Amino acid sequence: MTDVLTGLMQESPLTYSRFVRRMEEITGSSTATGPDHNGNIESWTYRQVAEQIHRLGGLLRDLGIKPGDRVASLAFNTLDHLVLFLGVPSFGAVLQTVNPRFTLDQMIYVLQHGGAKVLFVQAHLLEVVRPILAHLPNVAHVVLTDARPGETEYPRIRDALSSADSLSLPELDERQASGLCYTSGTTGMPKGVLYSHRSTILHAMSACMVDVMAVSQRETILPIVPMYHANAWGLPHAAALVGADLVLPGRDLAGETVGRLMRSLGVTLTAGVPTVLTELLSYADREPGALATLRTAISGGSALQRPLVDGFSRHEVEVIQGWGMTETSPCVSMSRPPKDADDPASYRLSAGRINPIVEARIVDESGQVLPRDGVAVGEIQLQSPQAARSYFGDEAPDPDKFADGWLRTGDAASITPDGYVLLRDRLKDMIKSGGEWIPSAELEFLIADHPGVREVAVIAIPDEKWGERPGAVIALRDGVDRLNLDELRRFLEPKAPRWWLPDLLHIVEELPKTSVGKLDKKALRSV
């Protein structure tokens, strides 16, 4: 047996110190901008952000935080939160970002389960925290972010940082945990995804690839998606790596507020779920020129539909759909069309092409790997250095989620020969009618083309003869007074198989959403 020849390259760890050193030494003049505690716009250079991160090291030491300890944040996208987002892992602790839209029971659970010793809270969320502190014996300190001087009995992060020692960055192992984010699943309590320094750096580098998010120093990025939602899709990490300017919108994510920030600060790239992008588009349609500088909007979290693509196209903004999940850091694929595409819009409406450091396959119910022919449908499974192999706190990987080194996504999909993912549906949302499968997501896509439909969700309704039949729950566009089932079925007849046509139509003012803005089909089934 011959010896394996080992490469002679340096063992330089992929850790958060790379973000901070870049901000100090290379991209120090780039800026992070956002509203302060009074709503006034303030701006820090990346060099100033790095200075605050060094002081955060002293503050964490004074609070008794040691490597591996969890530090929780309950905040939207602000300058103070950016310091925590990049700084806590830089000193070997683990940042647990907590979704403020969790129920109180969920919030208590994730903070107990995560074991955070310090809780940084945005001032306006303090009233959410007060009722649960008695249930959090591990939390020894509460510190406010984005707070006015003397606002409460708790210390402010800015005051604490101003008096803290500035510490040098420690040497860390790239396999150390860096972040802890809990999924917002619709069944059971949220599950913890524990990222590493290595996985985060690799994800950030992937985001900078032209065929992924194309983050570069030339961009001014406004991530509408919050840092507590799957790392703001990695955009703050990528921006820190290359020196893109960041605009952090705070807690007001209304279309008008975000649109005004974009216009005044020259935003070129944004990212958010379709519901918030729809609000932004409505504002832009009322205010000509609102999106004059915006070139790209990245959509994710739920299926992108053609009216949104066409709407932003009117403003010369390209909409790119990303697909992924908390367990994958999150970005898995991006729907950038190939150079020879006959219909680029159809590619943008796909889940996109698998990113370079992700492996994907589709598997049937028996575990058989299916061909990548764009036709075969199975569960899509993933392998990647940016994908989880187990949940935090689990003694062994959950076999329903992790099998044979693959992450089971729970999504039914096809994969084309050139690597584009065609999502068919969530496996649990497929409708089985008379022994045949109806993909609710594809039916939603067709219904969304109706000129009177603002939002739509399709769910299974029990049927004595067929087992299940599709039902449509629809929110109408402004100015549209009515839509009945017969009209909807006539609209769909040329587009869908007859047995796909819904048997029920329910009109609502708003469709229920989960804590991260996705359609809440569990709530819809009780309508």
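At a glance:
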{"item": "Which of T278, L136, H197, positive extreme of dipole for the chain (C-beta unit charges)", "result": "L136"}
{"item": "Order of I415, I65, I380 under a 10 Å beta carbon neighbour criterion, fewest first", "result": "I65, I415, I380"}
{"item": "Nearest-ten-degree value, helix 255-265 long axis tilted from longest Cα axis of the chain", "result": "50"}
{"item": "Cα-based Rg / Dmax (Å) for region 357-410", "result": "11.9, 38"}
{"item": "Unit Cα scatterers, Debye sum, region 333-428: log10 I(q)/I(0) for q = 0.12, 0.20 Å⁻¹", "result": "-0.40, -0.98"}
{"item": "Footprinting exposure proxy for S414, S199, S12 (fewest neighbouring C-beta atoms within 10 Å first)", "result": "S12, S414, S199"}
{"item": "Cβ-defined net charge surrounding D69, 15 Å radius [Lys, Arg +1; Asp, Glu -1]", "result": "+3"}
{"item": "Region 430-524 - Kirkwood radius from inverse mean 1/r over Cα pairs (Å)", "result": "13.6"}
{"item": "The chain - share of DSSP beta bridges that are antiparallel (%, nearest 5)", "result": "55"}
{"item": "Average projected area [Cα convex hull, region 151-228], square nanometres", "result": "9.7"}
{"item": "Those trypsin sites (Lys or Arg not before Pro) in region 423-457 that DSSP places in a loop and that have at most 12 other beta carbons within 10 Å", "result": "none"}
{"item": "Cα-based Rg of region 275-353 normalised by 2.2 N^0.38 Å, two decimals", "result": "1.12"}
{"item": "Summed residue charge, Cβ within 10 Å of W499's Cβ, Lys/Arg positive, Asp/Glu negative", "result": "+1"}
{"item": "Hits among aspartates and glutamates - C-alpha to C-alpha of K117 under 16 Å, sequence gap 8 or more where chains match", "result": "D62, D69"}
{"item": "Qualifying lysines (Cα of each under 26 Å from Cα of K521; at least 8 residues distant if same chain)", "result": "K191, K401, K428, K432, K465, K495, K513"}
{"item": "For region 179-223, radius of gyration divided by Kirkwood radius, i.e. Rg to Rh on alpha-carbons", "result": "1.12"}
{"item": "For region 430-524: relative contact order, % (alpha-carbon pairs under 8 angstrom, 6 or more apart)", "result": "26"}
{"item": "Angstrom value of the Kirkwood radius, inverse mean 1/r, which spans all Cα pairs in region 12-196", "result": "16.8"}
{"item": "Compactness of the chain as Cα Rg over 2.2 N^0.38 Å, two decimals", "result": "0.98"}
{"item": "For region 472-519 and region 128-192, distance of Cα centres in Å", "result": "42"}
{"item": "Mean Cβ neighbour count within 10 Å, used as a protection proxy, ranking 480-491, 113-124, 166-177 highest first", "result": "113-124, 166-177, 480-491"}
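No value in this document is a laboratory result; all are computed from the given coordinates. None of these values were measured; they are calculated from a predicted model. Reconstructed Cβ throughout: ideal geometry from the backbone, glycine too, with neighbour counts over all protein chains shown.
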